[in-house]
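Just below is one structure, and these are the notes that go with it.
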Amino acid sequence: MERNKLSDLLQTDKKNLLNIYSTAGYPAIDDTSNIILNAMNSGVDMMEIGIPFSDPLADGPVIQQSSQKALNNGMTLELLFEQLNEIKNKVNIPLLLMGYYNSILNYGTEEFCKKCQMVGISGLIIPDLPLEVFQSEYEDVFKKYQLHNILLITPQTTDDRVKKIDNASTAFIYAVSSASTTGTKTGISDSTAFLEKLSQMHLKHPVLTGFNINNRDAYLQACKYTRGAIIGSAFIKAISNNVKLADGINIFLSSIIQASK
Amino acid sequence: MNFKISESGYYGEFGGSYIPELLLPNIEELKSAFKRIVESTSFQRDFSKLLKEYVGRPTPLYYARRLSAHYNTNIYLKREDLCHTGAHKINNTIGQILLAQEMNKKRIIAETGAGQHGVATATVCALMGLKCIVYMGEVDMERQAPNVKRMQMLGAEVRAVHSGTKTLKDATNEAIRDWINHPEETYYLIGSVVGPHPYPHIVSIFQSVIGDEIKKQLQQSPDYILACVGGGSNAIGAFYPFLDDETVKLIGVEAAGLGLQSGKTAATLTLGSTGVLHGSKSKLIQTEDGQVVEPYSISAGLDYPGVGPVHAFLDQCGRVEYKNATDEEALIAAGLLTRLEGIIPALESAHAFAALEKINPLADENIVVNLSGRGDKDMETYQQKLKF
């Protein structure tokens with residue numbers, strides 16, 4: 001059986017991990033494969049592909065609009081699986097799917113997990129699936145299909161709960177930089193106390209920081225305290241600017257990565 | 001059968017709290033505050049006093065003589081339309097504003113579709129001197145302009161929602177996003193038996209004053225209770241105290257819009273499948289891909305793509321029978337009630353009256369129809385559709 005790429009990546013001693021989020025089917029319905037391959041070639045360490053949903057509660061305006069546009073383009077979960085399947089053998093970085101619980105419930109959870117494994121997905125981020133429901137209903141099926149469940153913590157999460165989430169995690173913990181929807185604030189300078197605290201908690205799993213990481217400074221700031229960073233809204237903006245897709249990706253990513261890697 | 005909510009917040013398989021981790025502390029805080037105050041005598045005293053002196057409760061249970069003769073049975077109207085602000089919505093906002101005060105929250109947010117819940121929220125915020133922000137879809141703001149003005153006069157800030165389909169479901173998304181962005185100082189005052197646990201339970205308890213009064217006023221169990229269902233707060237309020245009394249036939253009426261097969265409908269329980277929206281698992285009108293479908297009804301208060309989880313459960317176990325009425329049936333029923341009884345119902349409530357055509361009561365049976373709101377806000381629609 002194939003190994004889980006995310007487990008492998010986290011076992012290396014690589015630091016400053018860069019995880020880029022992109023909404024499936026955006027800007028055009030068949031762009032996702034190119035975005036993944038381009039980003040991979042530009043040095044991104046992993047990618048998180050968003051399943052477009054009509055009612056994305058945890059997302060700010062940028063990702064909401066990308067989601068709506070993708071749906072208008074005719075994007076579906078089934079089509080995403082087909083697209084991922086086609087590039088499966090070319091992708092050598094871990095891919096995560098981010099989606100709202102309704103998309104998965106509607107698809108059928110076991111069927112969904114099975115498909116994820118088939119197309120090479122390493123883990124899932126489902127912001128509205130609470131830990132307790134995951135543990136009582138889905139832990140076994142995730143394990144069966146070798147999928148990591150990536151859980152979120154925020155500055156408001158109590159230390160006890162952070163530890164509980166650490167124990168329930170199998171890959172990394174997603175630290176939300178501040179109490180906000182995605183990309184709603186600019187930068188993470190208010191979050192350093194929270195991230196510093198996490199770095200001193202001796203957690204079993206590495207932490208990646210996401211939400212409001214909009215440029216290289218914010219990325220480096222996140223990497224100072226945690227294993228890496230997740231960039232979503234700023235990337236979506238960069239590929240929305242009517243530039244040639246490959247140029248948009250390359251210009252943005254080189255502004256983040258530069259010579260640091 | 002147990003119809004009450006479980007400790008973990010479920011009605012059978014429906015309900016729960018499907019929220020981002022960001023909101024978990026808020027939900028926990030809300031749960032414990034509700035538990036604490038609902039049993040306290042000071043809360044009960046304040047709640048009852050405001051319902052009596054401010055809202056005007058108990059609302060009458062009126063024997064509708066001419067409507068009864070028309071259907072050859074006995075029909076009683078529970079006059080929620082006579083509540084302050086013109087609908088049952090204020091029962092819940094009074095309860096929740098006391099809860100918000102107990103939790104020391106200074107900033108109140110709410111969603112609204114037709115504007116009735118928005119007005120009821122703006123009203124209690126004015127009463128308590130609290131800041132009020134109401135999210136309303138851009139499309140609904142145009143359709144329900146008079147209610148926007150009422151909210152503004154009451155001092156609320158009405159924020160237009162431009163995302164998604166620009167109606168109630170998007171206003172709810174925006175309110176939840178606001179809550180995520182301002183988790184500490186904000187109280188989210190939800191308007192129906194929807195949203196994450198414990199909201200459906202909280203709203204059911206505050207609205208159950210309707211059913212409690214029916215019980216006292218009729219002095220016997222009715223044979224039927226009829227109520228319209230969008231999210232389902234007035235219906236559960238009327239049904240709640242009668243759930244264990246199986247001699248009472250409970251009938252919820254959803255909006256069929258232009259017809260069940262038309263694609264322009266809000267009959268969630270008839271057409272929906274299991275899904276998660278706005279933090280709870282319930283029935284949902286959705287596409288094959290799991291995208292939420294924008295519902296349609298002539299009545300802005302019933303066009304919600306989901307339904308309260310308690311109704312999904314009561315439907316599944318058969319305790320409540322859910323029927324539906326089209327726009328046209330509702331309009332006819334509104335006209336009939338107006339001419340026979342001199343009462344203009346809200347378009348939402350008119351759907352409950354339309355179901356009188358769909359049951360066959362005996363001459364000596366007693367029917368209670370929950371007249372959840374008055375029709376002033378719908379005059380423009382009535383005038384256009386009934387052509388007078």
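The values are calculated or read from the model by the stated rules, or taken from the named source; none is laboratory data. Bear in mind the structure is a predicted one, so any value in this text is a computation, not a measurement. Every residue, glycine among them, receives a Cβ derived from its backbone with ideal geometry; neighbour counts consider all protein chains shown. What goes into the accessible areas is simple: the full protein's heavy atoms, side chains included, and nothing from ligands, DNA or RNA. Shrake-Rupley method; radii C 1.70, N 1.55, O 1.52, S 1.80 Å.
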Could you tell me the largest-minus-smallest coordinate of the C-alpha atoms of the range B:284-349 on each of the three principal axes, in descending order and whole angstroms?
45, 28, 15
Relative to the isolated chain, which residues of the range B:8-49 have their accessible area cut by 50 Å² or more in the presence of all protein chains (1.4 Å probe, heavy atoms, no ligands or nucleic acids)?
B:Tyr18, B:Pro20, B:Glu21, B:Leu22
Probe 1.4 Å, protein heavy atoms only - accessible area per residue of the range B:10-157 in square angstrom:
39 Å²
Looking at the range A:52-72, residues buried by 50 Å² or more relative to their chain on its own, accessible surface at probe 1.4 Å, turn out to be A:Ser54, A:Asp55, A:Leu57, A:Gln64
Name the residues of the range B:248-276 whose accessible area, probed at 1.4 Å, falls by at least 30 Å² once all protein chains are in place instead of their chain on its own?
B:Val276
Is there a pair in A:Lys14/A:Lys224; B:Lys169/B:Lys264; B:Lys281/B:Lys323 whose C-alpha atoms are over 18 Å apart, and which pairs would that be?
B:Lys281/B:Lys323
Taking 7 Å along the Cα-to-C-beta vector as the label spot, tell me the B:Glu185-A:Asp30 distance in nanometres, rounded to one decimal.
5.1 nm
Please turn the phi angles of the range B:190-205 into ³J(HN,Hα) values with the Karplus equation 6.51 cos²θ - 1.76 cosθ + 1.60 (θ = phi - 60°), one per residue in order, whole Hz, x for glycine and proline.
7, x, 9, 7, 10, x, x, 3, x, 4, x, 6, 4, 5, 4, 5
Considering only protein heavy atoms, what per residue accessible area in square angstrom results for chain A with a 1.4 angstrom probe?
39 Å²
What is the distance in Å between the Cα centroid of the range A:55-131 and that of the range B:277-349?
31 Å
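Evaluate E = 1/(1 + (r/R0)^6) for B:Leu340 and B:Lys31, where r is the Cβ-Cβ distance and R0 equals 45 Å; express this FRET efficiency to the nearest 0.05.
Working: r = 46 Å, r/R0 = 1.02.
Efficiency computed from Cβ-Cβ geometry: 0.45.
If you scale each eigenvalue of the Cα gyration tensor by 5 and take the root, what three semi-axes come out for the range B:243-388, rounded to whole angstrom and sorted largest first? Walk me through the intermediate numbers first.
Details: eigenvalues 133, 89, 28 Å².
Ellipsoid semi-axes (Å, largest first): 26, 21, 12.
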Given an 8 Å cut-off on Cα distances and at least 6 residues of separation, report the relative contact order of the range A:16-256 as a percent.
22 percent
Taking the mean number of other Cβ atoms within 10 Å as a proxy for protection, how do you rank B:190-203, A:162-175, A:41-54 from highest to lowest?
B:190-203, A:41-54, A:162-175
Counting C-alpha atoms alone, how compact is chain A: give Rg to one decimal and Dmax as a whole number, in angstrom.
16.9, 47
Which net charge results for the neighbourhood of B:Glu213, defined as the other residues with beta-carbon distances under 12 angstrom from its beta-carbon, given Lys and Arg at +1 and Asp and Glu at -1?
+4
Measure of size requested: the Rg and Dmax of the range B:176-295, with Cα atoms as the atom set and Å as the unit; please supply both.
16.7, 50
Could you pull out the pairs from A:Lys164/B:Lys283; B:Lys105/B:Lys283; B:Lys4/B:Lys31; A:Lys69/A:Lys143; B:Lys52/B:Lys216 whose alpha carbons sit more than 23 Å apart here?
A:Lys164/B:Lys283; B:Lys105/B:Lys283; A:Lys69/A:Lys143
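Dipole magnitude of the protein assembly as shown about its Cα centre, charges +1 at Lys/Arg Cβ and -1 at Asp/Glu Cβ only, in debye to the nearest 20? Don't skip to the end; give the middle numbers.
Values: 61 positive and 71 negative charges, 222 e Å.
That gives the protein assembly as shown a dipole magnitude of about 1060 debye.
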Full-extension gain between B:Gln220 and B:His70, please, as 0.36 nm times their residue separation minus the C-alpha to C-alpha distance.
51.7 nm
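With +1 assigned to the C-beta of every Lys and Arg and -1 to the C-beta of every Asp and Glu, and no other charges, what is the dipole magnitude of the range A:1-130 about the Cα centre in debye, to the nearest 20?
On the way: 9 positive and 15 negative charges, 65 e Å.
So the magnitude is around 320 debye.
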Rg/Rh for the range A:103-183: what does it come to with C-alpha atoms and Rh from Kirkwood?
0.98
Extended-chain gain in nm, criterion 0.36 nm per residue less alpha-carbon gap, B:Glu102 and B:Gln152
15.4 nm
Under a cut-off of 21 Å between alpha-carbon atoms, report the lysines in cross-link reach of B:Lys149, not counting same-chain residues fewer than 8 places apart.
B:Lys89, B:Lys131, B:Lys166, B:Lys377
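Can you tell me the FRET efficiency between B:Thr274 and A:Ser7 if r is taken as the Cβ-Cβ distance and R0 is 30 Å, rounded to the nearest 0.05?
Values: r = 33 Å, r/R0 = 1.10.
With a Förster radius of 30 Å, E is 0.35.
With only alpha-carbon pairs counted, each pair once and no self-pairs, how large is the Kirkwood hydrodynamic radius of the protein assembly as shown in angstroms? Walk me through the intermediate numbers first.
On the way: mean 1/r = 0.0389 Å⁻¹.
Roughly 25.7 Å, rounded to one decimal.
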Accessible surface of the protein assembly as shown, 1.4 Å probe, proportion on carbon and sulfur as whole %
49 percent
Taking N as the number of residues in the range A:12-137, the ratio of its alpha carbon radius of gyration to 2.2 N^0.38 Å works out to 1.03
Tell me, what HN-Hα J-couplings in whole Hz come from the Karplus equation 6.51 cos²θ - 1.76 cosθ + 1.60 at θ = phi - 60° for each residue of the range B:50-64, using x for Gly and Pro?
5, 4, 6, 8, 9, 7, x, 8, x, 6, x, 9, 9, 7, 8
Rounded to the nearest 0.05, what FRET efficiency do B:Lys131 and A:Ser255 have when you use their Cβ-Cβ distance and R0 = 45 Å?
0.65
For chain B, Cys with no neighbouring Cys Cβ under 4.7 Å
B:Cys83, B:Cys228, B:Cys317
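Counting only protein heavy atoms and rolling a 1.4 Å probe, how much accessible area do B and A lose on contact, total for both sides, in Å² to 100? Before the final figure, lay out the partial values.
Details: alone 15240 and 11620 Å², together 24130 Å².
The summed interface area works out to 2700 Å².
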Taking the alpha-carbon centroid of each part, what is the distance from the range A:155-185 to the range A:188-250 in angstrom?
14 Å
Eligible aspartates and glutamates near A:Lys163 by straight Cα distance, threshold 19 Å, same-chain separation 8 or greater
A:Glu132, A:Glu139, A:Glu196, B:Glu21, B:Glu28
Rounded to whole Hz, the Karplus (6.51, -1.76, 1.60) HN-Hα couplings of the range A:210-226, x for glycine and proline:
x, 6, 6, 8, 10, 7, 4, 4, 5, 4, 5, 4, 4, 6, 5, 9, 10
Using a probe radius of 1.4 Å on heavy atoms only, what accessible surface per residue do you get for the range B:263-388? Whole Å² is fine.
36 Å²
Would you calculate a helix-derived [θ] at 222 nm for the protein assembly as shown, using -39,500 (n - 2.57) for each DSSP H run of n ≥ 4 and dividing by the full residue count, to the nearest 500?
-12000 deg cm²/dmol
Largest to smallest principal axis extent of the C-alpha atoms in chain B, angstrom
56, 45, 42
Where labels lie 7 Å past Cα in the beta-carbon direction, separation of B:Ser40 and A:Glu137 in nm:
3.4 nm
Between B:Glu13 and B:Glu380, the two model label points (7 Å from Cα along the beta-carbon direction) sit apart by a distance in nm of 4.3 nm
Using +1 at the Cβ of each Lys and Arg and -1 at the Cβ of each Asp and Glu in the protein assembly as shown, identify which of B:Gln261, B:Ser297, B:Thr167 lies farthest towards the dipole's positive end.
B:Thr167
